[in-house]
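Please read the structure below before turning to the comments.
Only the coordinates and a few stated rules stand behind these numbers; no lab work does. This structure is a prediction, so every number in the text was calculated from the model and none was measured. Here the Cβ is made from the backbone with ideal geometry for all residues, glycine too, and neighbour counts use every protein chain on show.
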Amino acid sequence: MNGKKFNLTVDIEPDRPPLPEEVQRPFTYKGIEEGLPILFDLLDSYHFRATFFTLGETAELFPSLVSEIDRRGHEVACHTYYHRDCSKVPEQELAEDVKQATEVLQSQTGHPVVGFRFPYFRLNGSLLPRLKELGFLYDISLLEFANGCQSYERTARSAGIHLFSNTRYLDPERHMHVRFGGWMLRQKRPDEIQAIARALLQERAAVSFYIHPWEFITLPFQVNAEDHFDPKLVKENFKIVLDECLRQGMEVVTLREVLGRK
Ligand SMILES: [Zn+2]
């Protein structure tokens, strides 16, 4: 081990939730039903543990899901109750939503939930003091190299909520910062993933990575071009990232563990 930390984060939600600006469609859960067992097996085969940001609504629809995540040694964290653009949800309504989600997750695991991530990485700083009251320790909704988050950061500091951020890299083709996670696994060739992972893990002391169970299956709908992807490629690319963690001696831990909690 080289003292460097790698955090795997998973969002537990319906299949590719529609973006707020897209036409809304019925939720499907093929990722939970068929993709999650693939992800669990992969993580087991590497003895890696991840942090699972779970929607309250999904946890209630699949009553044994949260206890299984917990039983396998992963961290259960909160992703709100409904998958919405929370930047547009009024303060009191949002506080109630997250309280309800927290109660569902805690009753299903039997212990406190301390981590939080907003859907779509869309922030609402009014929630941060409420998170503290509910017993949360950290939030991971910020993106690296994002501008205009100073007031969110100030509010988190005064509320006593630790902020992690989601790792991004400068994509050579798009000339923009891209999240280190599922999108690139769906879009890039294995040799590209290998090069990105090698460079990122070499240069950072801490790296976070995100993925969704629906990325391991063929989506039951194709709304836009990016909904067409090869789940076999995703699996192959994901293993390249995990192998690179091993090769570089990264310590793969949950976010709760980074903060010294078991
Ligand atoms: Zn989400």
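Take every DSSP beta bridge with both residues inside the chain and express the antiparallel ones as a percent of the total, to the nearest 5.
15
If the only charges are +1 at each Lys and Arg Cβ and -1 at each Asp and Glu Cβ, what is the size of the charge dipole of the chain around the Cα centre, to the nearest 20 debye?
Roughly 780 debye, rounded to the nearest 20.
In segment 5-258, with Lys and Arg counted as +1 and Asp and Glu as -1 at Cβ, which of these residues, Ser67, His212, Leu170, has the Cα nearest the positive end of the dipole, that is, farthest along it?
Looking along the dipole axis, the top candidate is Leu170.
Three principal axis extents, largest first, for the C-alpha atoms of segment 74-176, in Å?
Principal extents (Cα only, largest first): 45, 29, 24 Å.
If I take every Cα pair under 8 Å that is 6 or more residues apart in the chain, average their sequence separation and divide by the length, what percent do I get for the relative contact order?
27
Over the chain, with a Gaussian network built from C-alpha contacts below 10 Å, which listed residue (Leu163, Leu246, Leu137) shows the highest mean-square fluctuation?
Leu246
Hey, got the Cα dimensions of segment 117-160 along the principal axes, in Å, largest first?
If we take the Cα atoms of segment 117-160, the spans are 28, 20, 15 Å.
Too long at a 28 Å Cα-Cα cut-off: which of Lys88/Lys132; Lys132/Lys188; Lys4/Lys188; Lys88/Lys232; Lys5/Lys235?
Details: Lys88/Lys132 21 Å; Lys132/Lys188 39 Å; Lys4/Lys188 25 Å; Lys88/Lys232 36 Å; Lys5/Lys235 22 Å.
Among Lys88/Lys132; Lys132/Lys188; Lys4/Lys188; Lys88/Lys232; Lys5/Lys235, the Cα-Cα distance tops 28 Å for Lys132/Lys188; Lys88/Lys232.
Where in segment 7-45 does the label zone of Lys88 land, with the point 7 angstrom along Cα→C-beta and an amide N cut-off under 17 Å?
It comes to 17-26, nothing else.
When the Kirkwood radius is taken over all Cα pairs of segment 5-258, what Stokes-Einstein diffusion coefficient follows at 25 °C and 0.890 mPa s, in µm²/s?
The Stokes-Einstein estimate is 133 µm²/s.
Using helices alone, what [θ] at 222 nm do you get for the chain, with -39,500 (n - 2.57) per DSSP H run of 4 or more residues, divided over all residues and rounded to the nearest 500?
Here the helix-only value at 222 nm equals -11500 deg cm²/dmol.
If you build a Gaussian network model of the chain, linking Cα atoms that sit under 10 Å apart, which residue out of Ala205, Ala101, Ala77 swings the most?
Ala205
In what sequence do Ile161, Ile69 fall when counting other Cβ within 10 Å, fewest first?
So the residues, fewest neighbours to most, are Ile161, Ile69.
List the chymotrypsin sites (Phe, Trp or Tyr not before Pro) within segment 18-72 that fall in a DSSP loop (any state other than H, G, I, E or B) and whose Cβ has at most 16 other Cβ atoms within 10 Å.
Phe27
Based on the alpha-carbon gyration tensor of segment 127-241 and its eigenvalue square roots a ≥ b ≥ c, which shape applies: rounded if a/c is under 1.5, prolate if not and a/b is larger than b/c, or oblate?
Prolate, since a/c reaches 1.5 and a/b exceeds b/c.
With a ≥ b ≥ c the root eigenvalues of the C-alpha gyration tensor of segment 184-242, is it rounded (a/c under 1.5), prolate (a/b larger than b/c) or oblate?
Cα axes put segment 184-242 in the prolate bin.
As an exercise, identify the chymotrypsin sites (Phe, Trp or Tyr not before Pro) in segment 115-173 lying in DSSP coil whose Cβ has no more than 14 other Cβ atoms within 10 Å.
Listed in order of number, the matching sites are Phe145.
Short version: ³J(HN,Hα) in whole Hz for each residue of segment 250-262, in order, from phi by Karplus 6.51 cos²θ - 1.76 cosθ + 1.60 (θ = phi - 60°), x for Gly and Pro, what are they?
5, 8, 8, 9, 6, 5, 4, 5, 4, 8, x, 9, 8
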